[in-house]
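Q: Pasting a structure below so you can have a look.
The values are calculated or read from the model by the stated rules, or taken from the named source; none is laboratory data. The structure presented is a predicted model; accordingly, all values stated were derived computationally and were not measured. Quick reminder, even Gly has a Cβ in these numbers, built from the backbone with ideal geometry, and neighbours come from all protein chains shown. Heads up: the accessible areas ignore ligands, DNA and RNA and are worked out on the full protein's heavy atoms, side chains in. Shrake-Rupley method; radii C 1.70, N 1.55, O 1.52, S 1.80 Å.
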Number of protein chains: 2
Amino acid sequence: MSAEDGQKSLLERIEMPEIPDDVAREFSLLEQRFIRAETDRLRRSTVENRPLWEQRSKIISKVQDDFWVRVLSNAPAEIDEYIQHADAAVLGSALKDLTVERFEVDEKGQGEPRSLRFTFVFRTGDENPFFENEKVVKDFYWRKKITKTPKGKRRTWEGLVSEPVRINWKEGMDLTKGLLDAACDLAEAEKKQAGDRKKLPEFEKIAKKMEELESAAMEDNEEDEEDFPTPAGTSFFGFFGYRGNVVSAEESKEANKEDDERFEKALQGEKFDDDDEEEEDEDDDEDSFDEIEIFPDGEDVAIALAEDLWPNAHKYYGQSFEVGEDYSDFDEDELEDEEDDEEEESNSHPRKKARV
Amino acid sequence: MSAEDGQKSLLERIEMPEIPDDVAREFSLLEQRFIRAETDRLRRSTVENRPLWEQRSKIISKVQDDFWVRVLSNAPAEIDEYIQHADAAVLGSALKDLTVERFEVDEKGQGEPRSLRFTFVFRTGDENPFFENEKVVKDFYWRKKITKTPKGKRRTWEGLVSEPVRINWKEGMDLTKGLLDAACDLAEAEKKQAGDRKKLPEFEKIAKKMEELESAAMEDNEEDEEDFPTPAGTSFFGFFGYRGNVVSAEESKEANKEDDERFEKALQGEKFDDDDEEEEDEDDDEDSFDEIEIFPDGEDVAIALAEDLWPNAHKYYGQSFEVGEDYSDFDEDELEDEEDDEEEESNSHPRKKARV
C-alpha cells in the first residue's frame, strides 16, 4: 500500500455519517460515571481545603489594604474583560474582601459542591462614595431540569441559577444605570404574583430599559456590537443581577432523583428509548430564560471567579510585584485591546503545571 | 471623602514597592500545602479512575478504525498547532491507539502522579508506509532539582523530563528530517561517555542540523518567525525527542527529601534565610538545558495531551459528528490560520462546567 492509498482509506473512514447508537449510549453512561466520581471528589476536596482557605484569609488580612486591587489588576482575561473602566475604579477603592464558598457542602462532605456563594465586603461611609452596602452576597445554586422535546426525547439541563441582589447606590452612582434595580424589581414582583412573568409591568419595564441602553451604547460606539460581552455597556455590577434558568429547588431535587434512578438502571444494562438527544441545541434552551438576562455570561464569570481568580488570588497578588508589571493597566479601558489581554493571559496566568 | 479622594488612595495603595517578607513566606508555605494536598488527590483519583479508563478503552475498540482520526480532527488548539499537514496525514492513517498512564502510581496509590506515559500504537506493514514501529512509548518523569544561585538563594525547579525515543522511519519518510535521530544519537552517546555533552561530536552534529533546518524554513517562509511554535518546520514527531531538564532519578529523590524536611520544619514555624528567590527567572533555568531541545514545548504538549485531549477524547469524538463540523480541516495547513483555531477552541472545547 502506498502513502496515497493510506490517505484514501483515511478519507473513507471519516465519512461514517453517524455515531453508532450503542457507542453513543455507552460513552454517555461512562461520562456520567466520570462526572459523578469527580463531583464526589469535589465534595471531599471542599472539606479538605477549608482550613487552608481560612489560613489564607488570615494572611490576606495582613495586606488587606491593597490585596484585592492587586489581584484584580492581574485578573485573568476571562474576568478582566467584564471589568469596565468605572468598575475598576469602584472595586479598586471600595472592595475590602471577597470570599467564595461551596456553601451547600456541609462539614461531613454532604451536599451539592457546584453551588457557589460569593461574598463581597466593601468599605462603608465616606470611604465608599458609590453605594451603601457593606456586604453583598450572591448565591448560585447548581440545579438540574429535565424536559421533553416535541419528539418525546429527554433534554437535561444542568447549571447555575441565582437571584438578583440589590445594590443601594448613592445618588447618581449606579453603574448599571438602573438595570440591576429593574432586575431586582422583576424578581420581587414574580414572587408576589405567580403566572406568566411576561405579563408583569416590571417585565415590560426592564425589557424597555435594556433596549434603551443598548441603542444608547450603539450610538456611543462605532465599533462592532460583538466587541461587547454583555448587553452594551453593562457594568460588572450587572453580575449581581444574573438569574440563569428558572429551576426551583424542588424541581431540581425531583430531576436529580429521576436521573439517579435512571443512572442506576443504566448501570444494570437497561436501555431507554427516550435517551437525551445527542445534539443538544443550546440556543433553544437559553431562549426560554435568556431574554431578560441583564448579565448573560453570569455563569461563566461565576465559574471563572470560583475556579481561577479566587483560588489563585495569592498568586495573582504575588505576580503584581513582578518587574515590568504595570498597575495603571487596571484603570485602562480593557475592551479596546482585548487582543492584548489574550496575549497577556498566557504570560500572567499562574502556571497550571504546579497543580497538575 | 469624594470619589476623587477614593481614587487617590487607590493609587497610593498600589504604590507599595515590594511584597512584605513575612507575607511572601506564608503564601509560599500555604501554596506548598495546596500543591501537596492536590498531588495526594491526584494519586487517589488516578487509582479511582483506572476502571473507568479501561471501560472506555473497551468502547473505543468498537470504533477503533476512525476513533483517533476523529479525535485529532477535533483536537484543541493547544495540540492542533503542533500538528503539521504531513503529521495529520501520518497520524490519521497510521495511529491505531493512544493511551496515557500516570504510570508511577501503583495499585495502592503510592508514587509520583505527575509522571506520564504515552503509548502510541500504530498500524504496521503495508498499512503503515511511514515507519516500522508498532508501538512508541514516551515516558515523562516528574522530577525536582534544587540549585543555589550565586547569591546563595535556593532555586527549585520541578517539571517533566524525558528521553528521546527513536522512530524507525521508512526510506525518505522521516518527517523530522533527521532531527529525532540526531537527538537519540546524542542521548545514547552521553550514556556511553560521561562529561560535558557539548564536547561530543553528536552535540555538534545536532546543533548544526537544527541551524540548517531553521534557515531552510526561514527561506521557505516569508512570515514572521514567531508564527512557529517549534524550531522552524519541526514535525509533531519531534515530541518523541523532547528531553527537558537533565535531572536523574537519584538527584530528584534527594531534592524531594530535602524539600520534604524543609517543608515540615517550615510548618513548625522555622524560617530560612536562603528561601527560594521570589522572582524566578525561568529563562536562566532553561538556558541550561534548552539549547539542543528539538521540541521545546514538549512538556506543555504532554500536559495538554494528558489533561485534555486524552481524557476528553470520547467527547471530541462525539463532537466530530455534530452538524457543521468539517473533517477536511484536519488536512488543512493549521499554521496559516492560527487565529481561526483560537476562535474554534472556545466553541469546540468540551464544556468545563460539566466538570466544575
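Q: Could you list all residues from the stretch B:244-274 that are among the charged types (D, E, K, R), open to solvent by less than 70 Å² (accessible area, probe 1.4 Å) and in contact (Cβ under 8 Å) with a residue 40 or more places away in the chain?
A: Within the stretch B:244-274, B:D259, B:D274 meet the criteria.
Q: Find the residue count for the stretch B:75-107, including only residues that are farther than 24 Å from B:S61 by Cβ and without any contact (Cβ under 8 Å) to a residue 40 or more places away in the chain.
A: Number of matching residues: 2.
Q: For the structure I just gave you, tell me whether B:Q64 is more than 8 Å from chain A (Cβ to nearest Cβ) and in contact (Cβ under 8 Å) with a residue 60 or more places away in the chain.
A: Details: more than 8 Å from chain A (Cβ to nearest Cβ): yes; in contact (Cβ under 8 Å) with a residue 60 or more places away in the chain: no.
No.
Q: Among the residues of the stretch B:43-61, write down those that are within 9 Å of chain A (Cβ to nearest Cβ) and of a type in the set (D, E, K, R).
A: Once the filter is applied, which keeps residues that are within 9 Å of chain A (Cβ to nearest Cβ) and of a type in the set (D, E, K, R), the stretch B:43-61 yields B:R44, B:E48, B:R56, B:K58.
Q: May I ask you to verify whether B:E251 is at pLDDT 95 or above and part of a helix (DSSP H, G or I)? Steps first, please.
A: On the way: at pLDDT 95 or above: yes; part of a helix (DSSP H, G or I): yes.
Yes.
Q: Among (1) surrounded by 12 or more Cβ atoms within 10 Å (Cβ to Cβ); (2) at pLDDT 90 or above, which single condition is A:A216 missing?
A: (2)
Q: Separate question: Given the residues A:S73, A:S93, which is the only one that is more than 23 Å from the chain's Cα centre (by Cα) and of a type outside the set (D, E, K, R)? Write out each step before concluding.
A: Numbers: A:S73 fails: more than 23 Å from the chain's Cα centre (by Cα).
Among A:S73, A:S93, only A:S93 is more than 23 Å from the chain's Cα centre (by Cα) and of a type outside the set (D, E, K, R).
Q: Within the stretch B:67-85, take every residue that is within 10 Å of chain A (Cβ to nearest Cβ) and in contact with a Ser or Thr (Cβ under 7 Å, 6 or more places away or on another chain) and give me the one that is most open to solvent (accessible area, probe 1.4 Å).
A: That would be B:S73.
Q: If you don't mind, another one. Return the residues of the stretch B:151-174 that are of a type in the set (A, V, I, L, M) and under 13 Å from B:I294 (Cα atoms); say none if nothing qualifies.
A: Within the stretch B:151-174, the subset of a type in the set (A, V, I, L, M) is B:160-161, B:165, B:167, B:173.
Hit for the stretch B:151-174 is B:V165, nothing else.
Q: Considering only residues that are within 22 Å of the chain's Cα centre (by Cα) and either on the phi > 0 side of the Ramachandran plot or open to solvent by less than 30 Å² (accessible area, probe 1.4 Å) (or both), which ones fall in the stretch A:43-55?
A: Within the stretch A:43-55, A:S45, A:T46, A:N49 meet the criteria.
Each row is one residue, and each column tells you yes or no for (1) assigned to a helix (DSSP H, G or I); (2) in contact with a helix residue (DSSP H, G or I) (Cβ under 9 Å, 6 or more places away or on another chain); (3) at pLDDT 60 or above.
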site	(1), (2), (3)
A:G6	yes, yes, no
A:S9	yes, yes, no
A:P17	no, no, yes
A:D22	yes, yes, yes
A:R25	yes, yes, yes
A:E31	yes, yes, yes
A:R36	yes, yes, yes
A:T39	yes, yes, yes
A:R43	yes, no, yes
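Q: Which ones in the stretch A:138-179 are of a type in the set (A, V, I, L, M, F, W, C) and either modelled with pLDDT of 95 or more or over 19 Å from A:R197 (Cα atoms) (or both)? Explain how you work it out, then say what you get.
A: Step one: filter the stretch A:138-179 for residues of a type in the set (A, V, I, L, M, F, W, C), giving A:140, A:142, A:146, A:157, A:160-161, A:165, A:167, A:169, A:173, A:175, A:179.
A:F140, A:W142, A:I146, A:W157, A:L160, A:V161, A:V165, A:I167, A:W169, A:M173, A:L175, listed by residue number.
Q: Moving on to the next point. Give the number of residues within the stretch B:26-41 that are hydrophobic (A, V, I, L, M, F, W, C) and more than 7 Å from chain A (Cβ to nearest Cβ).
A: If we filter the stretch B:26-41 for residues that are hydrophobic (A, V, I, L, M, F, W, C), which is where we start, we get B:27, B:29-30, B:34-35, B:37.
Then drop every residue that is not more than 7 Å from chain A (Cβ to nearest Cβ), which leaves B:29.
Selection size over the stretch B:26-41: 1.
Q: Out of the stretch A:118-150, which residues are in contact (Cβ under 8 Å) with a residue 24 or more places away in the chain, under 30 Å from A:K257 (Cα atoms) and open to solvent by 60 Å² or more (accessible area, probe 1.4 Å)? Write out each step before concluding.
A: Step one: of the stretch A:118-150, the residues in contact (Cβ under 8 Å) with a residue 24 or more places away in the chain are A:118, A:120-123, A:127-133, A:136-146, A:148-149.
Among the residues that remain, those that are also under 30 Å from A:K257 (Cα atoms) are: A:118, A:137-146, A:148-149.
Those that are in contact (Cβ under 8 Å) with a residue 24 or more places away in the chain, under 30 Å from A:K257 (Cα atoms) and open to solvent by 60 Å² or more (accessible area, probe 1.4 Å): A:Y141, A:K148.
Q: Let me ask you something else. Tell me which residues, restricted to the stretch A:153-209, are surrounded by 18 or more Cβ atoms within 10 Å (Cβ to Cβ), assigned to a strand (DSSP E or B) and of a type outside the set (D, E).
A: Across the stretch A:153-209, the qualifying residues are A:W157, A:G159, A:L160, A:V161, A:S162, A:W169.
Q: When you look at A:Y141, is it outside any strand (DSSP E or B) and among the hydroxyl-bearing types (S, T, Y), yes or no? Outline the logic, then answer.
A: Values: outside any strand (DSSP E or B): no; among the hydroxyl-bearing types (S, T, Y): yes.
Against the criterion (outside any strand (DSSP E or B) and among the hydroxyl-bearing types (S, T, Y)), A:Y141 does not qualify.
Q: Which residue, of A:E127, A:E112, A:E104, is under 20 Å from the mean Cα position of the chain (by Cα) and within 12 Å of chain B (Cβ to nearest Cβ)?
A: Unique residue meeting the criteria: A:E112.
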